[in-house]
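Participant: Before anything else, here's the structure in question.
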Amino acid sequence: MYRILSFLILFALTGCNPPEVYSWNESDWDEWAAEIFAPPDDKKVLLIFIDGLIPAAIEISATPNIDALLLDSAWSMTGRAESTTISGAGWSSFLTGVHWDKHQVPDNDFANPNFTDYPHIFTQLKADFPDSIVGGCQTWQPIESGMVLPAEPDFNAFHNYYDYSDDYWDEASADTLCAQEVVNFAGESNIHMLVMMFSELDGVGHQSGFGAEYSTYQAMLQKTDTEIGQIVDTIKARPNYSDEDWLVILSTDHSGEPELHHGANIPEHRLIPFIMNGPSVMGGEIWPPPQTVDIVATALAHLGAYPVAGTDGVSVGFESTSPPTAKLGENLIFNGDAEYERGYLGYESAPDASLPGWHDPGFFTVVQYNSPGGYPGDGDPGPNERGLNFFAGGWATTDTYATWDIEVSNLAGAIDGGARWTLSGWLGGYLDQEDRATVTAIFLDDSGDILNSNTIGPVTASDRSYLTGLLERTSTGSVPAGTRQIQVRVDAVRETGYNDGYADNLSLIITAE
């Protein structure tokens, strides 16, 4: 869209005052049109989706083709799926680049999807490059009718999962048929983007055991891996492959485990593989771990296009990333102000935020100030520089927490020679409820043994004069000699209703004495 607008502006200007020293001819127009209406010829994308892919299964199963994609890749085995960990939400986020509160598919019902404002990635690509050539195959009717067909792909096939789900293993399975369709599309010389949606691994998991350790689950993953290999081999056999810059992204909608399979907001269901392979990729582990919604932004960035306004994803994998290095005199808590990603409008009808880089067992979340329903706002007690968001206990009737682990071995000399820590944060809750938050710094040696700890908070309802808001709490002390790791733990303690323990602007600073 941006390129089209730029061209129209330039065309209008030159139309009013045509250059005297140059005249357009047909070949000039063709060259310009190719640049404006389609991505660069060498840029290509293959998106591979495997429903219900458990990260551990890749390591213990015979998956030579996925393993090959992992070589020199940008990768994460702790990517974050949608908090609902249900296929409707996950498929929709994979293909639109927004969380489910925007695309409005929190479950498998597709009762009121918003694929108009947040359409399929094909539609988003064609908004910038109308002449893009796209194609793919998938197996779920609501996705086909609601997103794929409105995108008007140049090559498209659909094989209904439920027409073939009585036997996943024969040549007429939905995934096998789809994979063959994409193999055929992959030979098209001018293709820009291919999308292959595998669905049968999830079905086998539900049918025969949802766990990396189950032989049937591994066998289906191996079958899927073989079909991935067929697609990739076809791409590599393209006549101009050596001149092309293919980006392959492989991920899923959720993970799983044997007892509940999936659907819960827990790490066993939510932590997923995210693999990027191609010459433009910067190899290494992606940090902080990416999310499903990052796939659309990343794929479009490779093609020189832009996602729709309001997208939740960011482009990842093209630059080297790593956790921040601990430094004296600087805040050691990453994202202590809850501003790294967008917050949500409360708890109900909203996803649970993925806290980048933190360990979040579930429900601890990020909420926008001024959210409807009585959450803290601009007029309530809180930090003067409060940003847009704050941490909250979340849509849970239990206590919740999140932890941030800090490596400080590079500060060993200063710590062992004498250093001080200062821990601070704004903590609070809702009206007269006693839901509350605390922040604890735990100092550990290089073996992980605890040397000392200190806690700030809680701020009680009485401390807040029974008003909604947050108050600052600060503590300081000496860093124990031998400290090589620090864990910061934020606890949201729930007393009634949902968990309204709040925290913001968290800081841990070490200074030499």
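Participant: Looking only at the range 320-340, decide whether some residue is surrounded by fewer than 20 Cβ atoms within 10 Å (Cβ to Cβ), of a type in the set (A, V, I, L, M) and either modelled with pLDDT of 95 or more or not assigned by TED's automatic domain parsing to the domain that holds residue 104 (or both).
Facilitator: Among the residues of the range 320-340, at least one is surrounded by fewer than 20 Cβ atoms within 10 Å (Cβ to Cβ), of a type in the set (A, V, I, L, M) and either modelled with pLDDT of 95 or more or not assigned by TED's automatic domain parsing to the domain that holds residue 104 (or both), which makes the answer yes.
Participant: Sticking with this structure for a sec: Quickly run through the range 476-505 and pick out the residues that are part of a strand (DSSP E or B), under 18 Å from residue 436 (Cα atoms) and of a type in the set (Ser, Thr, Tyr).
Facilitator: Correct list: 502 only.
Participant: Provide a single number: the residues in the range 131-185 that are in contact with a strand residue (DSSP E or B) (Cβ under 6 Å, 6 or more places away or on another chain), surrounded by 23 or more Cβ atoms within 10 Å (Cβ to Cβ) and assigned to a helix (DSSP H, G or I).
Facilitator: 4
Participant: Please name all residue pairs, on different chains or six or more residues apart, with Cβ atoms under 8 Å, provided the first residue is in the range 441-459 and is at negative phi and the second residue is surrounded by 14 or more Cβ atoms within 10 Å (Cβ to Cβ) and acidic (Asp, Glu).
Facilitator: 451/445
Participant: Would you be able to tell me the number of residues in the range 492-512 that are among the acidic types (Asp, Glu) and within 15 Å of residue 333 (Cα to Cα)?
Facilitator: The total comes to 1.
Participant: Also, quick follow-up: Suppose we filter 289, 239, 279 for residues that are part of a loop (DSSP other than H, G, I, E, B), under 17 Å from the mean Cα position of the chain (by Cα) and modelled with pLDDT of 95 or more; which single one remains?
Facilitator: 289
Participant: Another question, if that's okay. Would you mind telling me which numbered condition in (1) of a type in the set (Ser, Thr, Tyr); (2) closer than 17 Å to residue 419 by Cα; (3) surrounded by fewer than 21 Cβ atoms within 10 Å (Cβ to Cβ) residue 462 fails?
Facilitator: All conditions are met except number (2).
Participant: Further, regarding this structure: Give 211, 203, 229 a once-over and let me know the one that is assigned by TED's automatic domain parsing to the domain that holds residue 270, in a loop (DSSP other than H, G, I, E, B) and surrounded by fewer than 24 Cβ atoms within 10 Å (Cβ to Cβ).
Facilitator: 211
Participant: Report whether or not residue 421 is under 18 Å from residue 393 (Cα atoms), buried (at least 20 other Cβ atoms within 10 Å of the Cβ) and either not assigned by TED's automatic domain parsing to the domain that holds residue 370 or not basic (Lys, Arg) (or both).
Facilitator: It is false that residue 421 is under 18 Å from residue 393 (Cα atoms), buried (at least 20 other Cβ atoms within 10 Å of the Cβ) and either not assigned by TED's automatic domain parsing to the domain that holds residue 370 or not basic (Lys, Arg) (or both).
Participant: Scan the range 128-180 residue by residue and report those that are within 26 Å of residue 301 (Cβ to Cβ) and among the small types (Gly, Ala, Ser).
Facilitator: Answer for the range 128-180, where residues must be within 26 Å of residue 301 (Cβ to Cβ) and among the small types (Gly, Ala, Ser): 132, 135, 136, 146, 151.
Participant: Here are some residues: 224, 216, 176. Which one is without any contact (Cβ under 8 Å) to a residue 24 or more places away in the chain, assigned by TED's automatic domain parsing to the domain that holds residue 62 and either closer than 19 Å to residue 263 by Cβ or among the hydroxyl-bearing types (Ser, Thr, Tyr) (or both)?
Facilitator: Just one listed residue meets the conditions, 216.
Participant: Then there is this: So which of 257, 268, 188 ends up being out of contact with any helix residue (DSSP H, G or I) (no Cβ under 9 Å at 6 or more places or on another chain), surrounded by 16 or more Cβ atoms within 10 Å (Cβ to Cβ) and among the charged types (D, E, K, R)?
Facilitator: 268
Participant: State all residues of the range 186-200 that are out of contact with any Phe, Trp or Tyr (no Cβ under 7 Å at 6 or more places or on another chain) and part of a helix (DSSP H, G or I); if no residue qualifies, say none.
Facilitator: 186
Participant: Ok, one more. Pick from the range 425-467 the residues that are over 21 Å from residue 334 (Cβ atoms) and β-branched (Val, Ile, Thr): which of them is farthest from the chain's Cα centre (by Cα)?
Facilitator: The selected residue is 460.
The values are calculated or read from the model by the stated rules, or taken from the named source; none is laboratory data. This is a predicted model, so every value here is computed, not measured. Because the Cβ atoms are built from the backbone with ideal geometry, glycine has one as well, and the counts that use them run over all protein chains shown.
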